[in-house]
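Student: Below you will find the structure I want to go over with you.
The values are calculated or read from the model by the stated rules, or taken from the named source; none is laboratory data. Predicted model only: the values in this text are computed from it and were never measured. FYI the Cβ positions are ideal-geometry reconstructions off the backbone, even for glycines, and counts take in every protein chain you see.
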Amino acid sequence: MSEQAPRPRDAGGWRALWRVVWPAVDHFISDKGFIYAGYIAFTSIFALFPFVIFLLTLAGFMGQGEAAAASIELAFELLPPEVVGVLRPVVDEIRTHASTRLLTVSILLTLWFASSGFESLRAAVNLAHGVREYPHFVLSRLQSIALTILSAVIVIVAMLALVVAPILGQIVAFLSEGQVVEPNTYAVLRQALGGLLLLGLFAGLYAILPHVNVRAGEILPGAIVAALAWIVSAKIYSVYLQNLSAYTVTYGSLAGIVLTLFFFYISAIIFIFGAQLNGALRRERKRAERRARMIAPREPSLPAGPGL
């Protein structure tokens, strides 16, 4: 009897899901995801305020300071109140002293510090995809600086929707025969917009940062999981802190800083796992392609002619 070609595994259902989720968890552990999360948390805190400085000064230079302020407020609405309480005083001080002179005086230094966060994210994403050949340090840093500038511009443009939302609401009310738009509608729209921007942020980082070619189907699953997990974790973290008062005894005056850093650590874990999930999807696709090539019927070779 001729040996039958092996049948491909079932690509649907829980079995296929497990073939992706478990490798993502396994690679997260073997790739030292928890250690990288600590590194990302530190560099994110380190890069956050330079990015806010650049965002505000660029917005002021473009005449869109209100849009930048709206983006900051929207970000604060998504964060746990305890974290906002630590970040807001510093951000408010930056907003008070921000100046367009920064764009000509210390722009390179500010961009260098702000791009450090993207560099740490890039390292984790490349590790998740098993990248072996990394781009040159200078090229990688220039890409991170360009990504910092692009991110600031996208934030400003996206937040223009919040600035003009009240005007659009009045137009809708006028077209609806004078009916007043409920204030809660704006709150829901702001939360929805914040969630979409968060999803777009994860998807954009998963698409741009890895030094490999990835498909849309290998980006969105990890981005969706990471965005949903981040929103849920922010709510749970806030509830946890509201019912835990002993942390002030343990850390004293540093409690706010420690809790903020720990939230960034949780966020980094979520980001890395989303990248690992995308990496597992990419590896599964490549394995499926190899199996398909192995079981594909080969074209019969023509018999050799006489005398050949």
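Student: Looking at 255, 275, 304, can you tell me which residue is closer than 17 Å to residue 41 by Cβ, hydrophobic (A, V, I, L, M, F, W, C) and modelled with pLDDT under 85? Write out each step before concluding.
Tutor: Values: 275 fails: modelled with pLDDT under 85; 304 fails: closer than 17 Å to residue 41 by Cβ.
Every option except 255 fails the conditions.
Student: In region 21-42, which residues are surrounded by 18 or more Cβ atoms within 10 Å (Cβ to Cβ) and β-branched (Val, Ile, Thr)?
Tutor: 40
Student: Among the listed residues 224, 208, identify the single one that is closer than 30 Å to residue 137 by Cβ and of a type in the set (A, V, I, L, M, F, W, C). If you could, list the steps in order and put the result at the bottom.
Tutor: Details: 224 fails: closer than 30 Å to residue 137 by Cβ.
Selected residue: 208, the only one of 224, 208 that is closer than 30 Å to residue 137 by Cβ and of a type in the set (A, V, I, L, M, F, W, C).
Student: Can I ask one more? I want to confirm something. Restricting to region 24-52 and keeping residues that are part of a helix (DSSP H, G or I), without any contact (Cβ under 8 Å) to a residue 60 or more places away in the chain and not β-branched (Val, Ile, Thr), which single residue is nearest to residue 108 (Cα to Cα)?
Tutor: Of all residues in region 24-52, those part of a helix (DSSP H, G or I) come to 24-30, 33-52.
Those still in the list that are without any contact (Cβ under 8 Å) to a residue 60 or more places away in the chain too: 26, 29-30, 35, 49, 52.
This time we only want the ones that are not β-branched (Val, Ile, Thr), so: 26, 30, 49.
Values: 26: 39, 30: 37, 49: 15 Å.
Among those that are part of a helix (DSSP H, G or I), without any contact (Cβ under 8 Å) to a residue 60 or more places away in the chain and not β-branched (Val, Ile, Thr), it is 49.
Student: Moving to a separate point now. If you go through region 53-76 one residue at a time, how many are touching a residue at least 24 places away in the same chain (Cβ under 8 Å) and over 17 Å from the mean Cα position of the chain (by Cα)?
Tutor: Counting residues in region 53-76 that are touching a residue at least 24 places away in the same chain (Cβ under 8 Å) and over 17 Å from the mean Cα position of the chain (by Cα) gives 16.
Student: Mind checking whether some residue in region 70-92 is out of contact with any Leu (no Cβ under 6 Å at 6 or more places or on another chain), among the charged types (D, E, K, R) and over 28 Å from residue 254 (Cα atoms)? Spell out how you get there, then give the answer.
Tutor: Of all residues in region 70-92, those out of contact with any Leu (no Cβ under 6 Å at 6 or more places or on another chain) come to 71-81, 83-92.
From what's left, among the charged types (D, E, K, R): 73, 77, 88, 92.
Those still in the list that are over 28 Å from residue 254 (Cα atoms) too: none.
Looking for residues that are out of contact with any Leu (no Cβ under 6 Å at 6 or more places or on another chain), among the charged types (D, E, K, R) and over 28 Å from residue 254 (Cα atoms), one finds none in region 70-92, hence no.
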